[in-house]
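Chemist: Please find one structure pasted underneath; my questions will follow.
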Ligand code: NAD
Ligand code: UDP
C-alpha cells in the first residue's frame, strides 16, 4: 500500500516507516518538525535502502495537504502527528486542543475529499478511565482524562468514530499504545526528546549517559510489589509492526476498530532501573521522590484482541528494550543532533 504518514519523523512514526518499507509498502511523510529531526528519515533510508519523500508541512495546513495529495495516490494514512507532553498540555491547553484536533479534522477532510477513507490513529492508554480494573481491554471504560493531552486523544477518537458512522466507506483503526520504549536494534534510530524528558526510559538513558544527575523515582508507596508505579512497556519495533498488521486488517474491515497495543505485562519503575543496570553493567543513580500528580499505581493491557484479530503480538522483552535503548543512547549521545559513531 501507499501510505501517507503524518508525524513520520517522530519516534514511533520513523520506526513504523522502517517496518512498512520492509514489508513492501511505500511511504510519504509530512511533519512540521516541531518535535523531531528530518535526520530520522535519513536513517530510515539508510536502513531500508529505500527513498522516503518528506514534506515539511503542518497537518493543519489544508493547502499543503492538498498539494501533497495532488502528487500521490494514497491507500491510507497513519496519523502520528500530534503534541504529546502531558505536563505541557496542562500549561498550554489551547495549543494542544488546536494542534491535535485541528490536524485530525483537516487531514480527514482532505482524505475524504479524495476518497482516501482509511486511517490509523495513534491513540493512547490514557483514554481509559482511572477506575478500571486491570488489565485494560478495549471494552474498559474511557473518559475522565486527567489532562488536556488525554482529552485530545479521547476527542480525536470520537471525531473519527462519528465520521465512520456517518459514512460507511471509512475504515478507522484506533490504536491505543501503552508505554513505547526501546529503539531500532541497529542503534541508528531511537527516541530523541527535546529538553528534559518527561518519560521514564529517556530519563533513565540520559542519566546513565551522565546527562542527568540521577533519576527521580516518583513514589514508592503505591500498592505494588515494590511500591513503585507499574506500566506496560512495549518495544517500539513491536509497536511499529503492530501498525503493519493493523493496516492489513483495516483493508479488509470497514467501520471503527479499537486495538490495544501493549504486551500484557507490567513492570515497576525499579524493575526498569534494575533491567537497565543489567544492560549497561553499571549502577543507575536514583532517588525516591514524591508521587507525580495524576499518576496511577498500575496500568497494563489485555492485548488478546490484537493477537486474535490482527495476528500480532509483542515479541521483544524487557532485556531487548533496555539493550536497544542503551545502544541508541550510547552511540548517539545527542540524539539526531550528531552523526552516529
Ligand atoms: P513524537 O513527538 O516523536 O512524534 C510526533 C510528531 O508529530 C513529531 O515529529 C512532531 O514534529 C509532529 N507534529 C506535531 N504536530 C504536528 C502538526 N500540526 N503538523 C505536522 N507535524 C506535527 O511522538 P511519538 O512518541 O512518536 O508519538 C507519535 C504519536 O503517538 C503521537 O500522536 C502521540 O501522542 C502518540 N502516542 C505516543 C505515546 C508515547 O509514549 N510516545 C503513547 C501513546 C500515544
Ligand atoms: N517515572 C518516574 N520518574 C521519571 C519519569 C517517570 O518514576 O522521571 C514513573 C512514573 O511515575 C510512572 C512510570 O515511571 O510510574 C512511567 O511514566 P511515564 O511518564 O514514562 O509514562 P506514563 O505516565 O504515561 O505511563
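Chemist: In region 115-152, how many are within 20 Å of residue 294 (Cβ to Cβ) and in a loop (DSSP other than H, G, I, E, B)?
Modeler: Number satisfying all stated conditions: 13.
Chemist: Given the options 187, 182, name the one that is touching a helix residue (DSSP H, G or I) at 6+ places or on another chain (Cβ under 6 Å), at positive phi and within 16 Å of ligand 1 (Cβ to nearest atom).
Modeler: Only one candidate passes the filter, namely 182.
Chemist: A further question on this structure: Which one is surrounded by the most Cβ atoms within 10 Å (Cβ to Cβ) among residues in region 125-147 that are at pLDDT below 95 and away from ligand 1 (no atom under 16 Å from the Cβ)?
Modeler: The extreme case among them is 144.
Chemist: Working carefully through the options 44, 90, 29, find the one that is in a strand (DSSP E or B) and within 20 Å of the chain's Cα centre (by Cα).
Modeler: Matching residue, one of 44, 90, 29: 29.
Chemist: Among (1) out of contact with any helix residue (DSSP H, G or I) (no Cβ under 8 Å at 6 or more places or on another chain); (2) touching a residue at least 60 places away in the same chain (Cβ under 8 Å); (3) more than 17 Å from residue 107 (Cβ to Cβ); (4) not in a loop (DSSP other than H, G, I, E, B), there is one condition residue 20 misses while meeting the rest; what is its number?
Modeler: (1)
Chemist: Checking residue 308 against (1) out of contact with any helix residue (DSSP H, G or I) (no Cβ under 6 Å at 6 or more places or on another chain); (2) part of a loop (DSSP other than H, G, I, E, B); (3) more than 16 Å from residue 214 (Cα to Cα), which single condition isn't satisfied?
Modeler: Against the list (1) out of contact with any helix residue (DSSP H, G or I) (no Cβ under 6 Å at 6 or more places or on another chain); (2) part of a loop (DSSP other than H, G, I, E, B); (3) more than 16 Å from residue 214 (Cα to Cα), residue 308 comes up short only on (2).
Chemist: Please state which one of 298, 217 is away from ligand 1 (no atom under 16 Å from the Cβ), touching a helix residue (DSSP H, G or I) at 6+ places or on another chain (Cβ under 9 Å) and on the phi < 0 side of the Ramachandran plot.
Modeler: 217
Chemist: If you scan region 66-87, which residues turn out to be more than 10 Å from ligand 1 (Cβ to nearest atom) and in a helix (DSSP H, G or I)?
Modeler: Across region 66-87, the qualifying residues are 66, 67, 68, 69, 70, 71, 87.
Chemist: Among the listed residues 240, 251, 246, which satisfies the condition of being outside any loop (DSSP other than H, G, I, E, B) and either modelled with pLDDT under 95 or over 22 Å from the mean Cα position of the chain (by Cα) (or both)?
Modeler: Sole residue among the options that is outside any loop (DSSP other than H, G, I, E, B) and either modelled with pLDDT under 95 or over 22 Å from the mean Cα position of the chain (by Cα) (or both): 251.
The values are calculated or read from the model by the stated rules, or taken from the named source; none is laboratory data. Just so it is clear, the structure is predicted and the values come from calculations on it, not from any experiment. Please note: Cβ atoms are built from the backbone with ideal geometry, for glycine as well, and neighbour counts cover all protein chains shown.
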